[in-house]
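Shown next, in structure tokens, is the structure this report addresses.
The values are calculated or read from the model by the stated rules, or taken from the named source; none is laboratory data. Note that the structure is predicted; figures quoted are calculated from it, not measured. Because the Cβ atoms are built from the backbone with ideal geometry, glycine has one as well, and the counts that use them run over all protein chains shown.
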Amino acid sequence: MEDFIRGIPKAELHVHLEGTLEPEHIFALAERNNVALAYKTPAQVIAAYDFHDLPSFLTIYYAAMSVLQTEQDFYELAYHYFQRAHEDNIVYVEPFFDPQGHTTRGIAFETIIKGIHRAQLDAEKNLGIESNLIMCFLRDMSAESAMAHLEMCLPFKDWIIGVGLDSDEKDNPPIKFTEVFARARNEGFKLTMHCDVNQTDIVDHIWQCLDDIQVDRIDHGINALEDERLCAEIAKRGLGLTVCPVSNRFVVQSLTTKEIKSMLQRGMKATINSDDPGYFRAYLTDNFLALIEEAEFSQDEIRQLNANAFETSWLSAARKKHYLEQVNNFS
Ligand code: HPA
Ligand code: ZN
């Protein structure tokens, strides 16, 4: 089973590039860019990763971003992730990036996206990993700021496949961004939003994603299981749900294996993802291995979870078919 999990070709649809910053890399970049850190060693950094809910994670996540300053820094951030993803037999990725985490520190949008884009080209050429980028808006910032960043990205439109919504969900519902996402759809972007685990009003937030925003996918979305009609609608629309088991364990003390199985039984397209692997200390294969440690999953269920990721990705029909053949023939 472990060999099967390691070897099967994988797609990852929920990974924040800034969340792949490894402690050693934080130190190297801090030194290169003359940024003072509150820690003396990478081990001390890891010891400080005491997350128990979304805000406690986000505080550390945003603080570490200050080491990212030049185009080369963003290139290395993304390229390191692709190298690590390659070890997990990931062949396709739709990674997130958080431009507002950087523009608010005076970094130009162009610096960020050019570094990431160059890493994507090199990953495809050197590692055979295909990828399409998703730009996330920070939901605890204003809708005006989100709209300004949507406009900022338009000269680079061909380098971005979709837009997402992340950061602190409390009092920041999807409908705060209805206009921004409508404009994004008109510009040709695919739409997704975080519906993080156990947030206040989370079932309402998921309904808003369906009714008001008309998302093409849902990030996390575990709490949909509290509403039968919502589950049926998600299944009917064939919407992917990007579940992040180890990330969930930090926030809600559960890998949500029961919920993942329940989604599969209802025909909901659950997928497995790493979210912020540099912080949660678990990449994609580790997430699958954690699942089988906690619960019984058959090879067919693992295959299904991987197939769901390719099916609900934003690849062309031809590319999906190409990858799905690899997943279905793998043994
Ligand atoms: N939820 C919300 N915001 C985030 C996350 C997450 O899982 N990861 C990075 N930013
Ligand atoms: Zn996330």
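The set of residues from the stretch 132-174 being more than 16 Å from ligand 1 (Cβ to nearest atom), more than 15 Å from the chain's Cα centre (by Cα) and outside any helix (DSSP H, G or I) comprises just one member, Ser142. Consider Glu233 against the criteria (1) within 14 Å of ligand 1 (Cβ to nearest atom); (2) touching a Leu at 6+ places or on another chain (Cβ under 8 Å); (3) without any contact (Cβ under 8 Å) to a residue 40 or more places away in the chain: it satisfies all of them except one. Which criterion is unmet? The failed condition is (1).
Selection over the stretch 193-215 of residues that are within 24 Å of Glu144 (Cβ to Cβ), away from ligand 1 (no atom under 12 Å from the Cβ) and in contact with a Leu (Cβ under 9 Å, 6 or more places away or on another chain) gives a count of 4.
Looking at Leu324, Leu289, Leu284, which is the one that is within 16 Å of the chain's Cα centre (by Cα), at pLDDT 95 or above, under 27 Å from His80 (Cα atoms) and not hydroxyl-bearing (Ser, Thr, Tyr)? First the steps, then the outcome.
Numbers: Leu324 fails: within 16 Å of the chain's Cα centre (by Cα); Leu289 fails: within 16 Å of the chain's Cα centre (by Cα).
Result: Leu284 is the single residue among Leu324, Leu289, Leu284 that is within 16 Å of the chain's Cα centre (by Cα), at pLDDT 95 or above, under 27 Å from His80 (Cα atoms) and not hydroxyl-bearing (Ser, Thr, Tyr).
The set of residues from the stretch 247-285 being β-branched (Val, Ile, Thr) and at negative phi comprises Val251, Val252, Thr257, Ile260, Thr271, Ile272, Thr285. Residues in the stretch 1-41 that are among the β-branched types (Val, Ile, Thr), under 22 Å from Thr192 (Cβ atoms) and in a helix (DSSP H, G or I): Thr20 alone.
In this structure, Ile107 does not qualify as in contact (Cβ under 8 Å) with a residue 24 or more places away in the chain, out of contact with any strand residue (DSSP E or B) (no Cβ under 7 Å at 6 or more places or on another chain) and assigned to a helix (DSSP H, G or I). Checked against the criterion of being over 23 Å from Ile134 (Cα atoms), touching a residue at least 12 places away in the same chain (Cβ under 8 Å) and under 16 Å from the mean Cα position of the chain (by Cα), the candidates Val251, Val243, Val203 yield just one match: Val251.
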